[in-house]
Amino acid sequence: MGKLVINEAFLQRVELLQTVLKNNIAGLFGGNHKSRTFGSSCEFVDYRNYVPGDDITKIDWNAYARFETLYLKLYLDERQLHTKIYIDVSQSMAFGDGKKGEAALQIAATLAYLSVTELDKVSVFTIRGGEVTEVISAISGRERYFAEIGKLNGIEFGGDCFISEGIMPTQVGYGDGLSVIISDFLTDNNYENAIDYLADKKRDLLCVQVLSSEEINPKVRGKNIFYDSEDAGRMYRKNINRDIIKAYREAVRYVQDRIRDYCNARGAEYVLVRDDKPLDGLFFEQLTQLGVMK
Amino acid sequence: MSFYFPLGLLGLLGIPVLILIYVIKSKYTEQTIASTYLWELSEKFLKKRKPVSKLTGILTLILQILAVIAASLLIAHPVFTMRNSANDIYFILDGSASMNMQQDGSTRFDRAKDKINGIIDDSLSGSSYTLVFVRDTVNVAFEGVTQKQQAKSDVAALGAGWSATECSSAMNVAQEYFDNNRSAIIYLITDKPYETENITLINVSSGENNIAFNDYGYTFEDGGVCGTGKVISYCEDAEITVELSASDTLMAPPEKIGETTVKLMADEPAEFKVQTAVSHFTKLQLKIVAKDALGEDNVVILYDEAKAQERKVLFVSDSKDGMYLRNAISSAGKAQVDAVSVEKYSASDAAGYGLCVFNGFTPAELPKNAAIWLIDAVDGTGKGSGIKFRDYQTPKDETGPASYFVPEYTRGTSVQEKDLLRDIVGREVAVRKYAKYGIPRNFTSVMKVNGDTLIAAGLNDNNDREVVFAFAIGDSDFGLKDDFLILVRNLMNYSFPSVIEDTVYDCGDIMKVNVVPGCENIVVTSPSGRNTTLDTEGKAYCSVQLNETGTYTVTVKLAGSDESSLCSFACVPETESRSQGGGTLILSGEREFNYSDGYYDKLPAFFIVICVLLLADWGIYCYEQYQLR
C-alpha cells in the first residue's frame with residue numbers, strides 16, 4: 001500500500017470549498033455551519049414580538065423607538081458538525097497497483113481536512129468484514145488533523161467488506177453532519193441498508209465509488225479465467241470477446257445507476273471516482289456540480 | 001472429378017494434427033482480479049446468441065480445417081469437367097517443306113509453334129486443344145488435350161516435313177470438327193496465302209528469299225560432262241554460283257569439277273551451264289552457292305543412267321518366227337541376245353542370263369533366278385511356270401473375217417497394267433490360233449480374246465517374272481505391228497526391272513523399288529540414316545514414300561552374290577521452294593460465337609475460396625482480439 005501523501009497546495013485550494021448540508025444541523029456545539037434553528041450567530045434572520053422571559057439584550061431598541069413595540073432580533077444558529085468517513089478496506093480496494101486504495105485514502109484525508117477547516121469534528125472508520133474500526137476519532141482543528149491523519153497510512157487492505165453489517169450497529173449520530181462511504185461497491189453484499197440507515201438518522205450521505213480504469217474499460221481479451229481477489233472460490237471463465245465486453249460495460253453502467261438511483265431516492269449523493277484521475281476533478285467539478293460543495 | 005496428383009490428398013492428415021494443436025492451444029489464461037462481480041453481472045446483459053453463433057468459438061478451427069482441405073485438393077489438382085466454360089481450339093498446322101525456310105535462325109515452323117504456344121497460353125484455362133498436322137499425310141497430332149503444358153509439349157515434338165502438301169487436304173477433318181462445334185476456334189498456321197472462311201489464318205511467312213534449281217540435267221559436250229539447267233531467285237535479284245561436282249563411286253563425296261556464275265532477276269529463271277572435261281562419273285552434284293532461306297533445295301544429285309543393269313537374254317527357239325521376236329528383243333529391249341536351238345538347249349545354259357525366252361518350246365523345268373518368256377508353250381508348259389495348257393482354239397471359218405481372232409488389250413487401272421501397256425496404240429491384231437491356258441490369278445492379263453488370255457505377265461512358282469504368249473508370233477500379224485515392238489519393250493522393262501527406275505524424285509513422291517529376280521532382300525536407307533527393309537515376298541515391286549530430302553540408298557542383296565547399292569535423290573518440290581500454294585479454304589456452316597464449349601478447370605476458383613477463408617480467419621481473429629470495428 002502506498003503511503004498517503006498530503007499535497008498541501010491542494011489542501012489550500014480545498015480550503016476554499018464549503019460543505020453544503022441538506023439536513024437540519026443538530027450539533028451540540030457551536031460551529032461553522034448555519035442551523036435552521038435560531039441562535040446566536042452574527043447573521044440576522046428576522047424579528048419577532050417580545051415575549052416575557054426573552055433575553056432583553058436581543059430587543060431591537062431602534063425598532064421600539066419607531067414602532068413603540070418590543071421586537072426581538074433573531075439570528076441563525078451555527079453548529080459544529082461531525083463528519084464520519086467510512087473507508088472500504090477490502091482486498092479489492094488494494095488489488096493490482098493499489099491505486100484504488102490510495103485514491104480512497106486521499107479522498108478521505110481531503111474530506112477530513114475540509115471538515116476541520118470548517119471547525120467540524122471528523123472521524124475516519126474502516127470497514128473490514130462486518131466490522132467498523134475507528135481509525136481517527138472525532139478530531140477537530142488543523143493541529144489535531146495533521147497529528148492524526150498519518151494513521152491512515154497504517155490501514156491494511158484485505159478481506160471482504162460488508163458495509164451494512166459494519167455501519168448499522170455503530171453510533172452514527174442523528175442529524176449532526178455528513179457521512180461518507182468510500183468503496184468500490186463491487187459486491188453483491190448488502191450496502192443499501194447502510195444508506196437507508198444513515199438517511200434515517202438525518203445524516204447527509206455521500207457515496208464515493210472508486211473504480212480503476214481497467215474495471216471501467218477492460219482491455220483484456222481472449223480466453224481467460226478470472227479469480228476473485230476477495231474470494232478464491234469465485235472464478236469467471238470465459239472467452240472474452242466483443243459481446244462480453246459490451247455486456248460488461250452495461251454491467252458497469254448498471255452498478256453505477258443502481259447506486260446513484262438508490263442514493264438519490266434517499267437524498268444521498270453518489271459520485272464515481274477513477275483511480276487514475278486527479279482529485280481536483282472530484283472536489284472542484286463533481287462535488288460542486290452535485291451541490292455537496294460550494 | 002479426378003486428381004492429377006492423388007498423393008496430395010495425404011495433406012488431409014494435417015486435419016487431426018490441426019485439431020490436436022487447437023486443443024493444446026485452447027488454454028485459458030488465469031489471473032486474479034479485484035472482483036469478479038462485474039464480470040458475473042455482465043452475464044445478465046449478454047444477449048442470447050443464435051445457435052449458429054455458438055460455432056464462432058471453433059470458427060477458426062473450422063476455417064483452418066477448410067484451408068487444409070482446400071490446400072490438399074490444390075496439391076492433388078482436381079480436374080472438373082464442366083462444359084460451357086472454355087473454348088475448343090483447333091489448330092491446322094502446315095508441315096510442308098517450305099515451313100523449313102528460315103530467317104534469323106528460326107524457321108517458319110518454329111514461328112508457327114511459337115504462335116500456337118502463344119494462343120494456348122492466352123486461352124482460357126480448361127480450353128481443349130486439338131492439332132491437325134498436315135505433313136506428308138494429314139494426321140491429328142493430338143485431340144482434346146485440356147492441359148496447356150501437355151498441349152505445348154505435344155506441339156514442341158512436331159517437325160516440318162520436306163514434301164509438298166496442301167492444307168486443303170485437312171479441310172475434311174476441320175469440317176468435321178466445325179460441324180460438331182460451330183463455335184470452335186479454328187486456326188490455320190501456314191506460310192501460304194490462303195483465303196479462309198470460318199478459319200483464322202496465321203501466316204508465318206516473312207518474305208524470306210529462296211534460291212533453287214528450276215531445272216537441272218547434264219549432257220556430254222566435247223567429251224566432257226556438262227551440267228545444265230535453270231536457277232531462280234524467288235524474291236530478290238541475286239548473283240549466285242552454281243558448282244558442279246562429281247565422284248566415281250556412289251558413296252564417295254563429290255569433288256568440284258566446275259562452276260559458273262549466274263545473275264538472277266527476281267522470280268525469273270536463269271539458265272546455267274557448267275562445262276567440264278570429266279567424261280566419266282557415277283554421281284554428279286549441282287549446287288547453288290548462295291545464302292538463302294532454304295539450303296536443302298540448293299543441291300541436286302544426279303546419277304549416271306548409263307550404268308543401268310545389263311540385259312542378257314537367252315533365246316531358245318527353232319521356229320521361223322523367232323527372228324521377229326529376237327530382233328524385237330534386241331532392238332526394242334536393248335538387250336544382248338544369245339540364241340540356242342531347242343536341241344542344244346540344256347538347263348545349265350540358262351545360267352548368267354537375266355531372261356530366257358522359250359519360243360515354241362517348253363523345258364521340263366524352268367530356270368530359276370531369271371525372267372521367263374514362254375511363247376506358244378505347248379508341251380506341258382514347264383515345271384514351275386504356273387500355267388496349264390488346255391487346248392488350242394481355232395477360228396470357225398477358214399476364210400473371211402471369221403477366219404481369225406481379234407484380241408483386245410486389257411487396259412486396267414493398276415500400275416502394272418499401265419506399265420505393261422504404256423504407249424501401246426491399240427492397233428487391231430489378227431490371231432489364227434491360240435492356246436487356251438489356265439493362268440494364275442496373280443498374272444496380269446495384257447491381251448485377251450473371248451475371255452481367254454493371250455498375253456499375260458506375273459510371278460511364276462519360282463517367284464521369277466514370267467511372260468506368257470498363248471500364240472505363236474507366226475500365227476498372227478502381231479509381229480508386223482508397231483505395237484509389237486512397244487509391247488516387247490514394255491515386257492523387257494518388266495522382265496529386267498531396274499531396282500529403281502528414276503534417280504531424282506521430289507520429296508513426297510513414291511519411289512518404286514522393283515523386286516529383281518533372285519533378290520533376297522532390299523533395304524532402303526533414308527538421308528537421315530533410317531533403314532527400312534522392304535517386304536518383297538510375292539511382290540513385283542515395292543513402294544517407298546520419300547519423306548526426307550537428300551540421298552536415299554537402295555541396297556539389294558541377290559542370292560549368291562554381294563550386295564549392290566543404288567542411289568536416288570529426293571529434292572525439295574519446286575512448289576515448296578517457291579512457297580507457292582494458297583487458295584480458298586472454307587468451312588461451310590454458320591458460325592456461332594459462343595466461346596464456351598471447352599472444359600473448365602476450377603482450380604482458380606478453389607484458390608480464391610481458400611484466400612477468402614484465410615482472410616476471414618484472420619479477420620475474425622483480429623476482430624476478437626483487437627476489436628477492430
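The values are calculated or read from the model by the stated rules, or taken from the named source; none is laboratory data. Being a predicted model, the structure only gives us computed values, none of them experimental. Note: ideal-geometry Cβ built from the backbone for every residue, glycine included; neighbour counts use all protein chains shown. To get the accessible areas, we keep the full protein, side chains included, count just its heavy atoms, and leave off ligands, DNA and RNA. Shrake-Rupley method; radii C 1.70, N 1.55, O 1.52, S 1.80 Å.
Points to keep in mind about this one:
- Among (1) more than 14 Å from chain B (Cβ to nearest Cβ); (2) open to solvent by 10 Å² or more (accessible area, probe 1.4 Å); (3) not β-branched (Val, Ile, Thr), the one test that A:MET293 misses: (2)
- Positions within region B:542-565 being open to solvent by 60 Å² or more (accessible area, probe 1.4 Å) and either at pLDDT 85 or above or under 27 Å from B:ALA457 (Cβ atoms) (or both), in sequence order: B:SER543, B:GLN545, B:GLY560
- Taken over region B:145-174, the criterion of being surrounded by fewer than 18 Cβ atoms within 10 Å (Cβ to Cβ), among the small types (Gly, Ala, Ser) and farther than 30 Å from B:PHE569 by Cβ is satisfied by B:SER153, B:ALA156.
- Any chance B:ILE473 is under 38 Å from the mean Cα position of the chain (by Cα) and among the aliphatic types (A, V, I, L, M): no
- Scope region A:74-101; condition modelled with pLDDT of 80 or more and either of a type in the set (Lys, Arg) or open to solvent by 80 Å² or more (accessible area, probe 1.4 Å) (or both); matching residues: A:LYS84, A:LYS99, A:LYS100
- Checked against (1) of a type outside the set (Gly, Ala, Ser); (2) more than 7 Å from every other protein chain (Cβ to nearest Cβ); (3) open to solvent by less than 20 Å² (accessible area, probe 1.4 Å), A:ASN224 passes all but a single condition, namely (2).
- Filter result for A:VAL132 (touching a strand residue (DSSP E or B) at 6+ places or on another chain (Cβ under 6 Å), more than 23 Å from A:ALA9 (Cβ to Cβ) and within 14 Å of chain B (Cβ to nearest Cβ)): no
- A:ASP188 meets all of the listed conditions (1) at negative phi; (2) assigned to a loop (DSSP other than H, G, I, E, B); (3) open to solvent by 30 Å² or more (accessible area, probe 1.4 Å); (4) away from chain B (no Cβ under 14 Å) but one, namely (4).
- B:PHE178 meets all of the listed conditions (1) open to solvent by less than 10 Å² (accessible area, probe 1.4 Å); (2) over 21 Å from B:PHE142 (Cα atoms); (3) of a type in the set (A, V, I, L, M, F, W, C) but one, namely (2).
- When region A:200-221 is limited to residues that are open to solvent by less than 30 Å² (accessible area, probe 1.4 Å) and more than 10 Å from chain B (Cβ to nearest Cβ), the one that is nearest to the chain's Cα centre (by Cα) turns out to be A:LEU206.
- Residue in region B:145-159 that is modelled with pLDDT under 85, under 18 Å from B:ALA184 (Cα atoms) and among the hydrophobic types (A, V, I, L, M, F, W, C) present: no
- Count - residues of region B:391-413 that are touching a strand residue (DSSP E or B) at 6+ places or on another chain (Cβ under 7 Å), of a type in the set (S, T, N, Q) and either over 27 Å from B:GLY360 (Cβ atoms) or open to solvent by 40 Å² or more (accessible area, probe 1.4 Å) (or both): 1
- Taken over region A:232-248, the criterion of being more than 8 Å from chain B (Cβ to nearest Cβ), surrounded by fewer than 20 Cβ atoms within 10 Å (Cβ to Cβ) and either touching a residue at least 24 places away in the same chain (Cβ under 8 Å) or aliphatic (A, V, I, L, M) (or both) is satisfied by A:ALA232 alone.
- Residue count for region A:249-277, restricted to those that are open to solvent by 60 Å² or more (accessible area, probe 1.4 Å), more than 12 Å from every other protein chain (Cβ to nearest Cβ) and within 19 Å of A:SER213 (Cβ to Cβ): 3.
- Candidates B:ASN514, B:ASN531, B:ASN521, B:ASN463: the one that is among the polar types (S, T, N, Q), under 22 Å from B:LEU374 (Cβ atoms) and either surrounded by fewer than 20 Cβ atoms within 10 Å (Cβ to Cβ) or modelled with pLDDT of 90 or more (or both) is B:ASN463.
- Any strands (runs of 3 or more DSSP E) falling wholly within region B:243-314 and containing at least 1 residues that are of a type in the set (Gly, Ala, Ser): B:255-264, B:270-275
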